[in-house]
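Every read-out reported here was derived from the displayed coordinates using simple, explicitly stated rules and does not represent laboratory data. Remember, it's a predicted structure, so these values are computed and weren't measured experimentally. Methodologically, a virtual Cβ is constructed for each residue, glycine included, from the backbone with ideal geometry; neighbour enumeration extends over all protein chains shown.
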Amino acid sequence: MKSLTVATRGGALAIAQTEHVIATLEKIHPGLKIKIKEITTAGDKDRRTALWTLKETGFFTSQVEDALIAHQADFAVHSFKDLPTAQREGLTIGAVFDRKFVEDCLVTREPVDSIEKLPAGAKIGTSSLRRAAQLKHLRSDLEPKPIRGNVQTRLRKLEAGHFDAILLARAGLERLGLADKISLIFDPAMFIPAPAQGALAVQTRAEDIETNEIIAAINDQRARTAAAAERKILTTMQCGCHAPVGAFAEITGGEIHIRAFICDLQGKNFISGELAGPAKDSEKLAERLAKELLTAGGNQILEYLEKD
């Protein structure tokens with residue numbers, strides 16, 4: 001009987017996502033047994049620093065990758081949007097899995113059915129510059145405020161009256177069985193998600209052929225292609241995952257439609273674009289789109305952010 005160890009962050013959402021991967025793999029591979037190794041990351045230890053102030057990458061992933069490299073685990077499960085675009089030497093993405101609910105959503109203290117219904121000057125909790133910039137672009141009076149902690153902690157802060165609403169990834173609430181908390185789901189073509197949002201990345205050691213063959217059974221190639229195109233926006237712009245940049249790719253048949261934006265922190269200089277073409281050319285299209293956004297003023301935004 002084959003036995004594997006999977007590394008993951010602790011916390012309800014990370015464990016729920018990892019258990020979903022395990023259940024799927026064990027169903028496909030009868031007799032396979034997988035145990036969980038929980039890892040405490042830098043991001044789990046530091047729950048006070050606003051994420052958008054961080055310069056380093058891998059805040060929620062580096063220690064998990066360390067365990068994989070040290071052979072303390074056979075594979076790892078990450079929220080794909082948290083993984084730096086630069087792959088660690090010796091590691092690879094064995095599968096992109098379960099990309100559902102790519103949208104951002106709003107959880108509010110008082111029910112609303114549109115962003116226009118939020119009170120004037122509403123305080124919105126978010127850990128993302130991308131979300132904050134889009135909020136300010138939609139309504140300049142809204143006040144994005146840094147919020148840290150897991151999903152349940154953020155919900156408690158909302159209920160305690162620290163915020164009028166909080167902005168979260170829909171996927172996290174859905175996977176935790178908390179979809180009933182959602183007040184408003186944004187159209188991802190209008191309120192653009194983080195690259196690879198909603199997808200799970202199953203990471204392996206590149207040379208571990210046997211484990212890679214096992215993991216490959218759950219790979220979703222369409223999700224992988226879309227996520228790779230979105231992440232290509234970040235690598236072409238040479239900006240980190242904390243920058244006010246979003247990308248969303250949809251595949252229909254053999255065609256891919258990519259939308260992306262970059263914005264200043266005040267939400268005023270909102271530069272967006274979209275391209276469509278053959279899915280087989282997805283990364284070339286994404287690179288072209290990113291360069292168009294940079295030429296249109298994105299370079300100046302990034303230069304300003306670097307100085308800040």
Counting only backbone N atoms under 13 Å from a point 7 Å out along Cα-to-Cβ of Met190, the residues of the range 110-129 in range are 113-117
Rounded if a/c is under 1.5, else prolate if a/b is larger than b/c, else oblate: which is the range 174-232, with a ≥ b ≥ c the root eigenvalues of its Cα gyration tensor?
oblate
What span do the alpha-carbon atoms of the range 231-307 cover on each of the three principal axes, reported in whole Å from largest to smallest?
42, 20, 20
Which of the aspartates and glutamates could a cross-linker span from Lys291 if the Cα-Cα distance has to be under 19 Å and same-chain partners fewer than 8 positions apart are dropped?
Glu230, Asp264, Glu274, Asp281, Glu283, Glu303, Glu306
Where Rh is the Kirkwood radius over Cα pairs, Rg/Rh for the chain:
0.96
Please work out whether the range 118-222 counts as rounded, prolate or oblate from its C-alpha gyration tensor, where a ≥ b ≥ c are the square roots of the eigenvalues and a/c under 1.5 means rounded, while otherwise a/b larger than b/c means prolate and anything else oblate?
prolate
If packing is taken as the average count of other Cβ atoms within 10 Å, what order do 129-138, 169-178, 85-94 fall into, highest mean first?
129-138, 169-178, 85-94
Give me the dipole magnitude in Debye, nearest 20, for the chain about the Cα centre, with unit charges on the beta carbon: positive for Lys and Arg, negative for Asp and Glu.
560 debye
Measure out, as a whole number of angstrom, how far apart the alpha-carbon centroids of the range 131-148 and the range 232-308 sit.
20 Å
Using +1 at the C-beta of Lys and Arg and -1 at the C-beta of Asp and Glu, which of Leu106, Phe163, Gly149 has the Cα lying farthest in the positive direction of the dipole of the range 104-185?
Gly149
For the pair Glu19 and Glu250, how long in nm is the line joining their label points, each one 7 Å along Cα→Cβ?
3.3 nm
